[in-house]
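First up is the structure itself, then whatever we jot down about it.
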Amino acid sequence: MQITIMKSKIHRVKVTQAELNYVGSITIDEDLMDAAGLLENEQVHIVNNNNGERFVTYVIKGERKTGMICLNGAAARKVQIGDIVIIISYASMTPEEAKSFKPMVVFPDHNNQLVA
């Protein structure tokens, strides 16, 4: 049996852009992606703390050290620039694997930068 476990989370980042006229996805600063163990094209769940929206999309690499968090395409309608969101990825594993698995959780600063 496989169960779904939180693999990683970028907790409380600020939306810096929303681009409606795009194919779709979320663009994330590559430094944040690396810190959370996210891969380009990986499915993620987005939780908007400002309005309660929850939706699923996929990751696109953004420029390093920019703090970019940009919702693209239809997802752009679910956010406003300045909203605080949580980005969560999940993985399937056996219950035995899950007992010892440690998710990667990132707590960026108010400018979406990694805290040393």
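Derivation of every value follows stated rules applied to the coordinates shown; laboratory data play no part. For clarity, every value in this text was computed on a predicted model and none was experimentally measured. Virtual Cβ from ideal backbone geometry, glycine too; neighbours counted across all protein chains shown.
For the pair the stretch 23-63 / the stretch 76-114, the C-alpha centres are spaced 8 Å from each other.
Of the peptides 15-25, 92-102, how do they stack up when ordered by the mean number of other Cβ atoms within 10 Å, highest first?
Values: 15-25: 15.3, 92-102: 10.9.
Ranked by mean Cβ neighbours within 10 Å, highest first: 15-25, 92-102.
How would you rank 31-42, 60-71, 1-12, highest first, on the average number of other Cβ atoms within 10 Å across their residues? Walk me through the numbers before you get to the answer.
Values: 31-42: 17.8, 60-71: 19.3, 1-12: 15.6.
Those peptides, ordered most packed to least, come out 60-71, 31-42, 1-12.
Can you pull the Rg over Rh of the chain, Cα-only, Kirkwood? Before the final figure, lay out each step's value.
On the way: Rg = 13.9 Å, Rh = 14.2 Å.
That ratio equals 0.98.
Annotation: for a label point projected 7 angstrom from Cα along Cα→Cβ of GLN17, residues of the stretch 71-91 with backbone N closer than 14 Å are 71-73, 76, 81-82.
Which pairs, out of LYS7/LYS78; LYS9/LYS78; LYS61/LYS99; LYS14/LYS99, put more than 27 Å between their alpha-carbon atoms? Present the calculation step by step, with values, prior to reporting the outcome.
On the way: LYS7/LYS78 24 Å; LYS9/LYS78 19 Å; LYS61/LYS99 31 Å; LYS14/LYS99 32 Å.
Among LYS7/LYS78; LYS9/LYS78; LYS61/LYS99; LYS14/LYS99, the Cα-Cα distance tops 27 Å for LYS61/LYS99; LYS14/LYS99.
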